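**Student:** First, the structure itself, so that you have it in front of you.
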Amino acid sequence: MDNIKNIVESLLFVADEPLTIDRLKQIISGAQPQELREVLQELAADYAERQGGFYLNEVAGGYQIRTRSEYKEWIKRLLQPRPQRLSKAALETLAIIAYKQPVIRSDVEHIRGVDCGGVLRVLLERKFIRVLGRKDIPGRPLIYATTKRFLEVFDLKNLKDLPTPKEIEEFGSALAEEMHEAGDEISMENTEATEASEIPLETQTPAEDPQRSEEGDGAKPDQDV
């Protein structure tokens, strides 16, 4: 098929979710998986070479055209999207399900130490998790797992792309060190500001403190917010 590259590109352009090789094969009769992979690689290379406003991303087990992050401010002005925010409780619950799935509610609550019924409903409504069925134990509780929507939003090809516990620990240590250094810098700035404020008034000339010279002794020096 001579125009298969254009067909795949058009399908990717109109799709509202990542397209898998199997899905493309269903739509384009006669296309072989290897042929489709080669076409997708060519499109990804074309977009990368052009360095335009979008690129081809492999995510959630499929492929999706996405805009480049450096242009997000202009896209926000056009679309004015409502930001999707998750509470700390929702993120904790989602992380437990992602790493422990398939998992039942009591297991999640055992790890978090609190009731998770409301949080699970929110995650189901946002389509970050789904119900796989019921576990064959007394009470037959629902079994939860993450969805393709979860992979898409968090930019993961599959669950294997989740960071390992060691990577999370290293990231946490690096973040804590960064925050500690930032705290030291703020402390140093405050110390310098305090020392400057203790300079005797007669040593501060109008050139050093123009606002004080114009407004009188009752004026307060400018401070960074």
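Coordinate-derived values only; no laboratory data. Because the structure is predicted, anything quoted here is derived from the model rather than measured. Every residue, glycine among them, receives a Cβ derived from its backbone with ideal geometry; neighbour counts consider all protein chains shown.
**Student:** Which Cα, out of Leu40, Leu79, Leu12, lies furthest along the positive dipole direction of region 4-79 (beta carbon charges, K/R +1, D/E -1)?
**Tutor:** Leu79
**Student:** Please arrange Val153, Val131 by counting, for each residue, the other beta carbons lying within 10 Å of its beta carbon, fewest first. Walk me through the numbers before you get to the answer.
**Tutor:** Working: Val153 16, Val131 12.
Lowest to highest Cβ neighbour count: Val131, Val153.
**Student:** Oh, and also: Would you list Arg77, Arg130 from fewest to most Cβ contacts within 10 Å? Walk me through the numbers on the way to the answer.
**Tutor:** Working: Arg77 8, Arg130 17.
With the sparsest Cβ surroundings first, the list reads Arg77, Arg130.
**Student:** Here is a further query. Just want the ordering: Val59, Val14, from fewest to most Cβ atoms lying within 10 Å of their own Cβ.
**Tutor:** Details: Val59 21, Val14 8.
In increasing order of surrounding Cβ atoms, one gets Val14, Val59.
**Student:** Could you compute the net charge surrounding Ala89? Neighbours are other residues with a C-beta less than 15 Å from the C-beta of Ala89; K and R count +1, D and E count -1. Working shown, then result.
**Tutor:** Working: positive: Arg85, Lys88, Arg105, Arg112, Arg121, Arg126; negative: Glu92, Glu109, Asp115, Glu125.
Around Ala89, the surrounding residues sum to +2.
**Student:** Using modelled backbone amide H atoms (1.01 Å from N, in-plane), which distant-in-sequence or interchain residues come within less than 5 Å of Ile104's amide H?
**Tutor:** Tyr144
**Student:** Further, regarding this structure: Could you go through region 114-131 in sequence order and give the Karplus-derived ³J(HN,Hα) for each residue, using 6.51 cos²θ - 1.76 cosθ + 1.60 with θ = phi - 60°, rounded to whole Hz, and x for Gly and Pro?
**Tutor:** The phi angles translate into 9, 5, 10, x, x, 5, 4, 4, 4, 5, 5, 5, 7, 6, 7, 10, 9, 9 Hz.
**Student:** A follow-up question, please. Under 5 Å between amide hydrogens, which residues at least 5 positions from Val59 or on another chain qualify, with H placed 1.01 Å from N in the peptide plane?
**Tutor:** Amide H neighbours of Val59: Gln64.
**Student:** Something else about it: Report, in whole Å, the centroid distance computed from the Cα atoms of region 1-36 and region 117-167.
**Tutor:** What the calculation gives is 28 Å, centre to centre.
**Student:** Rounded to the nearest 20 debye, what is the charge dipole size of region 4-79 about its Cα centre when +1 sits on each Lys and Arg Cβ and -1 on each Asp and Glu Cβ? Intermediate values should be presented prior to the final figure.
**Tutor:** On the way: 10 positive and 12 negative charges, 54 e Å.
Approximately 260 debye in magnitude.
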